[in-house]
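Take a look at the structure set out below.
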Amino acid sequence: MRIALDFDGTYTLDPLAWDAFIIAMQRAGHLVMVVTLRAADADQLALESHFYSIGCPVIYCDGQPKHTILKEDYGYVPDIWIEDDPRSIHEGSRLNPEQLAAWREKDVHRKPRTERPIADHFGAVPRLQSRRAV
Ligand SMILES: [Mg+2]
């Protein structure tokens, strides 16, 4: 199975328990990936290197519908979505620019700007190639 795990409001509620879940699913032969509405440049996760260290890719959808990003950019959709906001799968972010700015002010999970850009943390993790031209 390919399992998409949301970050904000899902993973953040109990990171240790979700880490145990990720590792248990991997041992059973499944792929768990963090799929977030965050933008890779503005909202890069401080925990990104942690996820890659446990073999869990991180996919940033930049506010776009998660289903669309995975299907069009990566060529598949997950078998299972774990999500506190199921509408984000097909509708993306509902925050307007002012709401997004206010959310970013309060965000405690973002990597500090002084630490960006980061090195490639994929390592031995199977890299999920985007079809989108960069
Ligand atoms: Mg969420």
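Annotations for the structure displayed:
- Relative counts (whole %) of C-alpha pair distances in region 2-115, using bins that are 5 Å wide: 2, 11, 22, 25, 21, 12, 4, 1, 0
- Taking other C-beta atoms within 10 Å as the exposure proxy, Met25, Met33, Met1 rank Met1, Met25, Met33 from fewest upward.
- Taking other C-beta atoms within 10 angstrom as a stand-in for reagent exposure, Thr10, Thr36 fall in the order Thr10, Thr36, fewest first.
- Summing charges over neighbours of Glu91, with a neighbour being any other residue whose Cβ is under 10 Å away from its Cβ, gives +2 when K and R count +1 and D and E count -1.
A short reminder: the numbers here are calculations on the coordinates, not readings from a lab. Remember, predicted model here, so these are calculated numbers, not experimental data. Note that we place each Cβ from the backbone using ideal geometry, even for glycine, and neighbour counts take in every protein chain shown.
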